[in-house]
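Contents: one structure, followed by commentary.
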Amino acid sequence: MSGPLILGIESSCDETGVGIVRGHQLLANEVASSVDQHARWGGVVPEVASRAHLQAMVPALNRACEKADVSLDEVDAIAVTAGPGLMGALVVGLASAKALAAALNKPLYGVNHLVGHVAVDILEHGPLEQPCGALLVSGGHTNLLRVDDLTSSITEVGSTIDDAAGEAYDKVARLLGLGYPGGPVVDRLAAAGDPRAIAFPRGLTARHDLERHRFDFSFSGLKTAVSRWVETARLEGREVPVADVCASFQEAVCDVLTAKAVDLCDHHGLEHFVIGGGVAANSRLRVLLEERLAERGVTLRRPRPGLCTDNGAMIAVLGAEVVAAGLPPSAPDLGADSGLPISTVLV
Ligand code: KG4
Ligand code: ZN
């Protein structure tokens, strides 16, 4: 086994994650989710998430050490999510990481959660070929990226101008009464539906939009179109064909995401592409993107679904990359930044 032993701590939203890696090898990935406590509100309640992190952090840390069969003194460095995310949630992870770093006298690295989503695939498929394109699709972000160097040079080429892809899944699930989070259930129901049943709009793909927003996304019009369609069906006393609505909505999302990903690779001459974030677990996105990129000779890296959603291993492996690149540790008084831009890999 080679590489530094890194402890990674994640607490930006509703998952308390503690991961342990040695270089590119995953040793433990303990995740405690507070999602059940938010479900009845239809979205994450920040105060509830913060309290759940406080309760879950130490048990998750203990389980991770046990699973990895390491003690905390053996750890070479501690990596923690410094942002972006919910302020109250971020500070719980950050305070935990700072306390551990001080008590154990270990270097501390405050890293970017979004870059962690891009980095996590290294645990499954080894070193990232660079430059590469990346699609980051989560509950709060939808970005097309050019990655020249994971630890020092990430360029945002496009992003959503309104809702994130995951947010659109969550909102559509909510209007269909499917609960929160919406992504997994819409994905499952879509499998039994017809993706061509309803022609939902593809945001920012018209010729005039492409001039200004070639690599940007918009999902709020799609969400409204689904809402209107369902409302009309209900008003007319028709039964809503939930599977067809889910499949047609999902096809509209995945069609646009994949078309723009392919365009990014064409435009920048990229031969490798990686996806990350909760929506990267989506079954249709994974298949369609693979198909469309393969036609262009671009290889796709897809982390397994369990690594796409928030976890501590993604922070640990990004920490390992940062340490391997010889970057300096963060200041001991580093703060959380709820709006940390993706170009800032290390705080
Ligand atoms: O990356 P993540 O765990 O948290 C954030 O950083 O936001 O992403 C959560 C988002 C939620 O919106 C959830 O509905 C969506 O990812 N998601 C999915 C799937 N699994 C999770 N969306 C579509 N299909 C899925 N299978
Ligand atoms: Zn995330």
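Among the residues of segment 217-235, is there at least one that is at pLDDT 95 or above, of a type in the set (Asp, Glu) and more than 20 Å from residue 143 (Cβ to Cβ)? Scanning segment 217-235, I find at least one residue that is at pLDDT 95 or above, of a type in the set (Asp, Glu) and more than 20 Å from residue 143 (Cβ to Cβ), so the answer is yes.
Somewhere in segment 268-285, is a residue more than 28 Å from residue 200 (Cα to Cα), in the same structural domain as residue 169 (by TED's automatic domain parsing) and free of Cβ contacts under 8 Å to residues at least 24 places away in the same chain? Looking through segment 268-285, at least one residue is more than 28 Å from residue 200 (Cα to Cα), in the same structural domain as residue 169 (by TED's automatic domain parsing) and free of Cβ contacts under 8 Å to residues at least 24 places away in the same chain.
Go through 206, 197, 168, 191 for me and flag whichever is within 16 Å of ligand 2 (Cβ to nearest atom), in the same structural domain as residue 244 (by TED's automatic domain parsing) and of a type in the set (Gly, Ala, Ser). Lay out the reasoning, then the answer.
Details: 206 fails: within 16 Å of ligand 2 (Cβ to nearest atom); 197 fails: within 16 Å of ligand 2 (Cβ to nearest atom); 191 fails: within 16 Å of ligand 2 (Cβ to nearest atom).
Criteria check complete, one pass: 168.
Residue 52 passes every criterion in (1) closer than 19 Å to residue 181 by Cα; (2) among the aliphatic types (A, V, I, L, M); (3) surrounded by fewer than 23 Cβ atoms within 10 Å (Cβ to Cβ); (4) away from ligand 1 (no atom under 12 Å from the Cβ) apart from (3). Between 294, 225, 280, the distinction of being within 16 Å of ligand 1 (Cβ to nearest atom) and either surrounded by 18 or more Cβ atoms within 10 Å (Cβ to Cβ) or part of a helix (DSSP H, G or I) (or both) belongs to 280 only.
A single entry from 206, 164 fulfils the requirement of being within 16 Å of the chain's Cα centre (by Cα) and at pLDDT 95 or above: 164.
Assessment of segment 319-333 against the conditions (within 24 Å of residue 166 (Cα to Cα) and buried (at least 23 other Cβ atoms within 10 Å of the Cβ)) yields no matching residue.
Of all residues in segment 229-248, none are in contact with a Ser or Thr (Cβ under 6 Å, 6 or more places away or on another chain), of a type outside the set (Phe, Trp, Tyr), closer than 26 Å to residue 43 by Cα and touching a residue at least 24 places away in the same chain (Cβ under 8 Å). For residue 309, the conditions (1) touching a Pro at 6+ places or on another chain (Cβ under 6 Å); (2) surrounded by 24 or more Cβ atoms within 10 Å (Cβ to Cβ) all hold with the exception of (1). Restricting attention to segment 1-40, the residues being polar (S, T, N, Q), touching a residue at least 40 places away in the same chain (Cβ under 8 Å) and not in a loop (DSSP other than H, G, I, E, B) number 3.
Here the condition is being surrounded by fewer than 19 Cβ atoms within 10 Å (Cβ to Cβ) and within 16 Å of ligand 1 (Cβ to nearest atom); of 207, 188, 196, it holds for 188 alone. Quick one: residue 74 ticks every box in (1) touching a Ser or Thr at 6+ places or on another chain (Cβ under 6 Å); (2) away from ligand 1 (no atom under 16 Å from the Cβ) except a single one, so which number is it? Here residue 74 clears every test but (1). Summed over segment 111-127, residues that are closer than 22 Å to residue 343 by Cβ and away from ligand 2 (no atom under 16 Å from the Cβ) total 2.
How many residues are part of a strand (DSSP E or B) and within 16 Å of ligand 1 (Cβ to nearest atom) if we restrict to segment 117-143? Please lay out each step first, then the result.
We begin by selecting, within segment 117-143, every residue part of a strand (DSSP E or B); these are 132-137, 142-143.
From what is left, the residues that are within 16 Å of ligand 1 (Cβ to nearest atom) are 134-137, 142-143.
Matching residues across segment 117-143 total 6.
The number of residues in segment 145-173 being under 16 Å from residue 258 (Cα atoms) and away from ligand 1 (no atom under 16 Å from the Cβ) comes to 3.
Only one entry of 342, 315, 275 meets the criterion of being assigned to a loop (DSSP other than H, G, I, E, B), touching a strand residue (DSSP E or B) at 6+ places or on another chain (Cβ under 8 Å) and either within 15 Å of ligand 2 (Cβ to nearest atom) or farther than 16 Å from residue 81 by Cβ (or both), and that entry is 342. Residues satisfying the criterion are absent from segment 244-261 (criterion: more than 18 Å from residue 192 (Cβ to Cβ), assigned to a strand (DSSP E or B) and among the polar types (S, T, N, Q)).
For residue 35, the conditions (1) more than 27 Å from residue 150 (Cβ to Cβ); (2) among the β-branched types (Val, Ile, Thr); (3) more than 16 Å from ligand 1 (Cβ to nearest atom) are fulfilled apart from (3). Considering (1) in a helix (DSSP H, G or I); (2) closer than 18 Å to residue 116 by Cβ, the lone condition that residue 78 does not fulfil carries the number (1). Of the residues making up segment 55-79, those that are surrounded by 20 or more Cβ atoms within 10 Å (Cβ to Cβ) and out of contact with any Leu (no Cβ under 7 Å at 6 or more places or on another chain) are 56, 57, 60, 61, 64, 77.
The values are calculated or read from the model by the stated rules, or taken from the named source; none is laboratory data. Predicted model only: the values in this text are computed from it and were never measured. Because the Cβ atoms are built from the backbone with ideal geometry, glycine has one as well, and the counts that use them run over all protein chains shown.
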